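Beneath this line is the structure, given in structure tokens, with notes to follow.
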Amino acid sequence: MDILSSLLSGKTAKQNDFKKVLWLLSVMKWLQRPRNAEEKDSKKETVYTVRIKYLLLILDKNPEWKNNFIETISGVLFKISSISQFSTVGLSNSSSFVQDFIYRLQEKVLPKTPLTEDLSTLVHEIFPHEDESEFIDFIEESVLIDLVNLFQNEIALHNRLTTDILSASYVLSVQVLSTVFSVQNELNDFSVKPENLPEFQIEGILRRHQETLDFNIPLSILSQIDLAEKNIDQLHESMKSRGVKIELVYMFENQKRKLRRLRILLSFLTPSASNAVVIRYFISNLVLDVYHQKSLRSFLTENLALLTERIVQANSHLGEHYVTFTWSEFRKMFRSAVGGGAITVLTVFIKTFTTKVHFTGFIKGFTDSLNYSGSFLIIQILGGTLATKQPSATAPYIASALTKSIVEARKSIVALLRTQFIAVLGNLSSVFPICFIISLLAFKSGHSILTDEEVMTTFFSTNILGPSALFAVFTGCLLFSASLIAGWFENWVITTRLSNRMMNSEFLHKRLGEKRTHSFANFVGDNSNSLAANISLGFLLGLLPQIIKFFGIPLEVRHITLATGSFATSLPQALELGVSAWDLVNSVAGILVIGLINISVSFSLAFLVASASSKVRFSSFMKLLKWGLYLIVTRPWLLLVPEKETVPAEPKNH
């Protein structure tokens, strides 16, 4: 006797609910088993159809097995059918994004609910992989009709399912209407009266049918669902310009899923399609919903995608200002970078002097954070540039260029490489000589800035053979993180209408006056991204290493401009102390590696996020970068001379 015959011949109809469910799981495992030698030639998508046909054939030949099959399946369905199961399984019952996130974490840890009481657990066990939903969609309609017809005489089951489906539909309609009111309240927009909302019409129709237990739902209700879905899509799209609120995105995504579930349930009660087709569609979507409900990754991706896109767009617009195409832009960028490097000199010496106070732990991290943040803000206000802040903004710009055309992208990548090079050159051409000269003069006058021990520690801190490369990777991650915080803050300023609130702040009016209050509010609104980037980067560079050290992890930051300034400060005394030429070469090489890693890590992380948001393949960027680097290697003058004509085509022999 084969496996299927063994399963079908059992007297499961008289057993308890748990054993019935285990039997059902065994039957499904038989349906889902790997294809044997005879089935290898058939398409994978047709396996369900072929095996269900065989199952029906066996049942027709064995009436006793057939009756047992029908009674067992009916018993399982009757036991598990409820208003709650139809209206909640695979859908979120949480009232907020955070609450749902905590619930999903909790479900990862807690034991599963009993198979006989929870449809979600049962579906997850019956369909062990999410892609099973695709195979369900390929089951032939005629085969499904034959399978469903086995239960045509199960009147009690039919009545139970129909009643529960109608009630679940009404419950969903109430939830959907409630969500619409919550969205209107969140947006402070009640321009559409309740009676004109499609959700209001849906709830009204289903309430009347629920009161009379009328199971014949008019087809017109489906057009109301179409309208409700369209309205949600429009509101979702509008957040790109008005700012993204995670709670609103969460509401919209939940609303879409509930409307889709409502549409499927109502399909059982409207004469739009055969029950077999509706059952196939219901099970397929139920599998997807259950897996989505259990997946943290899909939950975060779905709810954070729009915010990510908003942040990427903001950084992309900012990145346009960091790419030079003309001589005037080129000269302006170099002067700006020189200015940024000169201001960084002050940062280097302030850090040197605060180190002599011997602050430790949080106090040291906080003072360093204030130093860095203040320096970055001064650079911004005075129009300076730090080369390491560019990659996180220019990466989204390149991703955007790749979505337009390869010609535009090639032009942009060459301009980007040139701009990045000239920005680094500008920073270092001012910070190194100024720090070196000041330190040399102080040393010659007998007032050394650093002790001999501090000199050697600083000198070797950039040694290429030490951990400087690892620290540079860490710093690159911080540079990228600051851009995310900046994008989030800009979005927050928009969604909360912070500028408008500041303009109308009585507190600010009393202390600054009307004109200054308006100017300050406009400054914050117009520069929210840059302000947040500078302040957050300063605190990440200063405070985070101290927090990490508290846990015993000796991570430090290695920022190309700051590291160069510190190295230049230590160099006069280090040479006097007799460091070898080999050590000097290693430390200088370490600085170059730090710069390369800072920029490449920050750029790569930013591009990965931007490419995911704009659907650009990372491999496309790598091909573009390879082409750009080849062009720079063969024509190095392009790093210093902006192109007057269009970028040449890719060499054929490359």
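The values are calculated or read from the model by the stated rules, or taken from the named source; none is laboratory data. In this text, all values refer to a predicted model and were calculated from it rather than measured experimentally. Heads up, the Cβs are rebuilt from the backbone with ideal geometry, glycines too, and the neighbour counts pull from every protein chain shown.
Cβ contacts < 7 Å: first residue touching a residue at least 60 places away in the same chain (Cβ under 8 Å) and part of a helix (DSSP H, G or I), restricted to region 324-337; second residue among the aliphatic types (A, V, I, L, M) and surrounded by 14 or more Cβ atoms within 10 Å (Cβ to Cβ), any location; separation 6+ or different chain. Result?
Filtered contacts from region 324-337: 330/422; 333/422; 333/423; 334/422; 337/387; 337/422; 337/423.
If we keep just the residues of region 184-207 that are of a type in the set (Val, Ile, Thr) and buried (at least 17 other Cβ atoms within 10 Å of the Cβ), which is nearest to residue 89 (Cα to Cα)?
202
Could you look through region 82-102, keep only residues that are outside any helix (DSSP H, G or I) and surrounded by fewer than 18 Cβ atoms within 10 Å (Cβ to Cβ), and pick out the one that is modelled with the highest pLDDT? It would help to see each step written out before you state the result.
Taking region 82-102 first, the residues outside any helix (DSSP H, G or I) are 82, 89-96.
With surrounded by fewer than 18 Cβ atoms within 10 Å (Cβ to Cβ) added as a condition, the list becomes 82, 93-96.
Numbers: 82: 90, 93: 80, 94: 79, 95: 75, 96: 78.
So the residue we want is 82.
Residue 73 versus (1) of a type in the set (A, V, I, L, M); (2) within 20 Å of residue 133 (Cα to Cα); (3) buried (at least 19 other Cβ atoms within 10 Å of the Cβ): which is the lone unmet condition?
Against the list (1) of a type in the set (A, V, I, L, M); (2) within 20 Å of residue 133 (Cα to Cα); (3) buried (at least 19 other Cβ atoms within 10 Å of the Cβ), residue 73 comes up short only on (2).
What number of residues within region 626-647 satisfy the criterion of being of a type outside the set (D, E, K, R) and at pLDDT 75 or above?
Qualifying residue count for the region: 5.
Only residues that are under 26 Å from residue 433 (Cα atoms) and either of a type in the set (A, V, I, L, M) or not assigned by TED's automatic domain parsing to the domain that holds residue 426 (or both): list them for region 358-381, please.
Across region 358-381, the qualifying residues are 370, 377, 378, 379, 381.
Taking residue 121, is it surrounded by 14 or more Cβ atoms within 10 Å (Cβ to Cβ) and free of Cβ contacts under 8 Å to residues at least 24 places away in the same chain?
yes
How about region 508-527: which of its residues are under 26 Å from residue 341 (Cβ atoms), in a helix (DSSP H, G or I) and not hydrophobic (A, V, I, L, M, F, W, C)? Walk me through it before giving the result.
Here is the first cut: in region 508-527, the ones under 26 Å from residue 341 (Cβ atoms) are 523, 526-527.
After this cut, where a residue has to be in a helix (DSSP H, G or I) as well, the list is 523, 526.
Correct list: 526 only.
Filter region 488-507 for residues that are assigned to a helix (DSSP H, G or I) and farther than 30 Å from residue 393 by Cβ and give the result. It would help to see each step written out before you state the result.
Let us first name the residues in region 488-507 that are assigned to a helix (DSSP H, G or I), namely 488-495, 498-503, 506-507.
The answer is 506, 507.
Restricted to region 282-300, and to residues that are free of Cβ contacts under 8 Å to residues at least 40 places away in the same chain and in contact with a helix residue (DSSP H, G or I) (Cβ under 6 Å, 6 or more places away or on another chain), which residue is farthest from residue 138 (Cα to Cα)?
298
Taking the criterion of being among the charged types (D, E, K, R), touching a residue at least 24 places away in the same chain (Cβ under 8 Å) and buried (at least 18 other Cβ atoms within 10 Å of the Cβ), would at least one residue in region 233-247 satisfy it? First the steps, then the outcome.
Let us first name the residues in region 233-247 that are among the charged types (D, E, K, R), namely 233, 237, 240, 242, 245, 247.
With touching a residue at least 24 places away in the same chain (Cβ under 8 Å) added as a condition, the list becomes 240, 242, 245, 247.
Still in the running and buried (at least 18 other Cβ atoms within 10 Å of the Cβ): 245.
Yes, region 233-247 has at least one match.
Is it the case, given these coordinates, that residue 587 is in a helix (DSSP H, G or I) and over 20 Å from the mean Cα position of the chain (by Cα)? Give the derivation first.
Details: in a helix (DSSP H, G or I): yes; over 20 Å from the mean Cα position of the chain (by Cα): yes.
The answer is yes for residue 587.
Return yes when residue 464 is surrounded by fewer than 17 Cβ atoms within 10 Å (Cβ to Cβ), in a loop (DSSP other than H, G, I, E, B) and hydrophobic (A, V, I, L, M, F, W, C) and no when it is not.
Yes, satisfied.
Name the residues in region 434-485 that are closer than 22 Å to residue 595 by Cβ and among the small types (Gly, Ala, Ser), would you?
Result: 439, 461, 466, 468, 469, 472, 476, 481, 482, 483.
Taking interchain pairs and intrachain pairs at least six residues apart, which have beta carbon atoms under 9 angstrom, with the first residue in region 506-528 and within 29 Å of residue 321 (Cα to Cα) and the second surrounded by 13 or more Cβ atoms within 10 Å (Cβ to Cβ) and aromatic (Phe, Trp, Tyr)?
Correct list of pairs: 528/489; 528/492.
Here are 438, 406: which of them is of a type outside the set (Gly, Ala, Ser) and buried (at least 16 other Cβ atoms within 10 Å of the Cβ)?
Within the list 438, 406, the selection yields 438.
Can you tell me which residues in region 446-460 are crowded, with 20+ Cβ neighbours inside 10 Å and in a loop (DSSP other than H, G, I, E, B)?
Of everything in region 446-460, those that are crowded, with 20+ Cβ neighbours inside 10 Å and in a loop (DSSP other than H, G, I, E, B) turn out to be 449, 450.
Out of the residues in region 131-156 that are in a loop (DSSP other than H, G, I, E, B) and either free of Cβ contacts under 8 Å to residues at least 60 places away in the same chain or charged (D, E, K, R) (or both), which is farthest from residue 289 (Cα to Cα)?
Residues of region 131-156 that are in a loop (DSSP other than H, G, I, E, B), as a first pass: 131, 138-140, 150-154.
Among the residues that remain, those that are also either free of Cβ contacts under 8 Å to residues at least 60 places away in the same chain or charged (D, E, K, R) (or both) are: 131, 140, 152-154.
Working: 131: 12, 140: 23, 152: 28, 153: 31, 154: 28 Å.
Selected residue: 153.
Taking region 127-143, which residues are crowded, with 18+ Cβ neighbours inside 10 Å and either of a type in the set (Ser, Thr, Tyr) or touching a Lys or Arg at 6+ places or on another chain (Cβ under 9 Å) (or both)?
The first filter runs over region 127-143 and keeps only residues crowded, with 18+ Cβ neighbours inside 10 Å, leaving 127, 132-133, 135-136, 139, 143.
Result: 133, 135, 136, 139, 143.
To keep it simple, each residue is scored yes or no on (1) outside any helix (DSSP H, G or I); (2) buried (at least 23 other Cβ atoms within 10 Å of the Cβ); (3) not aliphatic (A, V, I, L, M).
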position: 539; (1), (2), (3): no, no, yes
position: 558; (1), (2), (3): yes, yes, yes
position: 564; (1), (2), (3): no, yes, yes
position: 583; (1), (2), (3): no, no, yes
position: 592; (1), (2), (3): no, no, no
position: 598; (1), (2), (3): no, yes, yes
position: 604; (1), (2), (3): no, no, yes
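Please specify each residue of region 384-411 satisfying the condition of being in a helix (DSSP H, G or I) and of a type in the set (S, T, N, Q).
Those that are in a helix (DSSP H, G or I) and of a type in the set (S, T, N, Q): 388, 392, 394, 400, 403.
Consider residue 414 carefully, then state whether it is over 32 Å from the mean Cα position of the chain (by Cα), surrounded by 17 or more Cβ atoms within 10 Å (Cβ to Cβ), assigned by TED's automatic domain parsing to the domain that holds residue 633 and assigned to a helix (DSSP H, G or I).
It is false that residue 414 is over 32 Å from the mean Cα position of the chain (by Cα), surrounded by 17 or more Cβ atoms within 10 Å (Cβ to Cβ), assigned by TED's automatic domain parsing to the domain that holds residue 633 and assigned to a helix (DSSP H, G or I).
Taking the stated definitions as given, is residue 428 at pLDDT 90 or above, on the phi < 0 side of the Ramachandran plot, buried (at least 18 other Cβ atoms within 10 Å of the Cβ) and part of a helix (DSSP H, G or I)?
Here the answer is yes, as residue 428 does meet what is asked.
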